1. If Pro58 satisfies all but one of (1) under 28 Å from Phe164 (Cα atoms); (2) touching a Lys or Arg at 6+ places or on another chain (Cβ under 6 Å), what's the number of the condition it fails?
2. Just a yes or no: is a residue in region 102-124 among the polar types (S, T, N, Q), assigned to a strand (DSSP E or B) and either modelled with pLDDT under 95 or within 21 Å of the chain's Cα centre (by Cα) (or both)?
3. Considering each of Leu128, Leu87, Leu76 in turn, give the residue that is under 16 Å from His216 (Cβ atoms), at pLDDT 95 or above, in the same structural domain as Phe55 (by TED's automatic domain parsing) and touching a helix residue (DSSP H, G or I) at 6+ places or on another chain (Cβ under 6 Å).
4. Is it the case, given these coordinates, that Asp178 is under 21 Å from Phe260 (Cα atoms) and without any contact (Cβ under 8 Å) to a residue 60 or more places away in the chain?
5. Among the residues of region 220-240, write down those that are over 15 Å from Gly125 (Cα atoms) and modelled with pLDDT of 95 or more.
6. Need the failing condition index for Gly201 against (1) farther than 21 Å from Glu75 by Cα; (2) free of Cβ contacts under 8 Å to residues at least 60 places away in the same chain; (3) crowded, with 18+ Cβ neighbours inside 10 Å, just the number.
7. Which residues, taken from region 101-113, are surrounded by 11 or more Cβ atoms within 10 Å (Cβ to Cβ) and closer than 14 Å to Pro215 by Cα?
8. Hey, could you check region 298-327 for residues that are of a type in the set (Val, Ile, Thr) and surrounded by 14 or more Cβ atoms within 10 Å (Cβ to Cβ) and say which is farthest from Ala191 (Cα to Cα)?
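The values are calculated or read from the model by the stated rules, or taken from the named source; none is laboratory data. Since we're looking at a predicted model, the values are computed, not measured. Cβ placement follows ideal geometry from the backbone for every residue including glycine, while neighbour counts extend to all protein chains displayed.
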Amino acid sequence: MDTEAPYAGLTPDRVLDAVESVGLPCDGRLLALNSFENRVYQLGLADGRQVIAKFYRPGRWSDAAILEEHEFTRELAAREIPVVAPLVIGGLTLHAHGGHRFAVFPRQGGRAPEFDRADTLEWMGRFLGRIHAVGALQDFAVRPSLDIETFGVEPRDFVLDGGFVPPELEETWLGVVDQALEGVERSFDRAGDVAILRLHGDCHQGNVLWTDDGPHFVDFDDSRSGPAVQDLWMLLSGDETERGVQLGNILRGYEQFAEFDDRELYLVEALRTLRLIHYSAWIARRWNDPAFPAAFPWFDTPRYWQDRILELREQIPLMDESPIRPA
């Protein structure tokens, strides 16, 4: 489990000192941005520019894993794909100061994308196709894969061993999780041997900034290897008909740059199920960080776990239904 209060010593003065330690004089402007996993700040520089400093959660990623993420985003940026990559300062993208590792990024403005528009979704698809075309060129050497073990079995065991589920619900929760994981396994069996490539990994609306020039993809912190559909399914919303139309628009753009294997559509509900299991374990792992009990006060209540049981029970039959089809 993470060290208790991992960011307790990261005061505003230390944030400014860290950024100035890499040769970027600050003018004192500092704004904490919304981020639970890491600590992220917008800072004003003495020359009038603004930058983003991300301080990585201690113990989560090795230096090698962080640098692999940086290299991937810089590889994408070099091909003029609109991702926000870290700045190279003194030949480095990863820095350390006062016991914290951090990276500095250019500030990228933008607004939330309008996913109810067909042209927006097709535009998103084109750039995701380009990201995946590059992601398929080589493998991650250090970063993990998104699979049943890392996103299902291990999170289940962590929650169970940590005693986070109320005793009266533990047997029921475990039974439903195991049943859900069996459904995930069946889904992966139906999909077969699909390609695994480097992904954004957490491609939802909050990690896309829209400008007049189109989307900018930010926060590759969860980047890992996995099936291409992982970067597509979180962009879909609404009922089955609406999601089918959205998927069709995305794939019209996507397949201009990368081939999509329709067998991966068997994985959509399975990946959603894994995300639900993983999310509870994510909160559990961070429970010693004071920011988490404050943000998720319901986590250690019976109601939270009752809702998770119902949520997974609803997912189980969905994984055995016919997959979503693009319209």
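1. Exception for Pro58: condition (2).
2. At the first step, the residues of region 102-124 found to be among the polar types (S, T, N, Q) are 108, 120.
Applying the additional criterion that residues be assigned to a strand (DSSP E or B) yields none.
Looking through region 102-124, none of the residues is among the polar types (S, T, N, Q), assigned to a strand (DSSP E or B) and either modelled with pLDDT under 95 or within 21 Å of the chain's Cα centre (by Cα) (or both).
3. Numbers: Leu128 fails: in the same structural domain as Phe55 (by TED's automatic domain parsing); Leu87 fails: touching a helix residue (DSSP H, G or I) at 6+ places or on another chain (Cβ under 6 Å).
Result: Leu76 is the single residue among Leu128, Leu87, Leu76 that is under 16 Å from His216 (Cβ atoms), at pLDDT 95 or above, in the same structural domain as Phe55 (by TED's automatic domain parsing) and touching a helix residue (DSSP H, G or I) at 6+ places or on another chain (Cβ under 6 Å).
4. On the way: under 21 Å from Phe260 (Cα atoms): no; without any contact (Cβ under 8 Å) to a residue 60 or more places away in the chain: yes.
No.
5. Going residue by residue through region 220-240, those that are over 15 Å from Gly125 (Cα atoms) are 220-227, 237-240.
If the condition is that a residue be over 15 Å from Gly125 (Cα atoms) and modelled with pLDDT of 95 or more, then Phe220, Asp221, Asp222, Ser223, Arg224, Ser225, Gly226, Pro227 are the ones that fit.
6. Gly201 satisfies all of (1) farther than 21 Å from Glu75 by Cα; (2) free of Cβ contacts under 8 Å to residues at least 60 places away in the same chain; (3) crowded, with 18+ Cβ neighbours inside 10 Å except (1).
7. Narrowing region 101-113 to residues surrounded by 11 or more Cβ atoms within 10 Å (Cβ to Cβ): 101-108, 110, 113.
Residues satisfying the conditions are Gln108, Gly110, Pro113.
8. Just the residues of region 298-327 that are of a type in the set (Val, Ile, Thr), to begin with: 301, 309, 316, 324.
In the following step, the residues that additionally are surrounded by 14 or more Cβ atoms within 10 Å (Cβ to Cβ) were identified as 309, 316, 324.
Values: Ile309: 26, Ile316: 17, Ile324: 13 Å.
Here the answer is Ile309.
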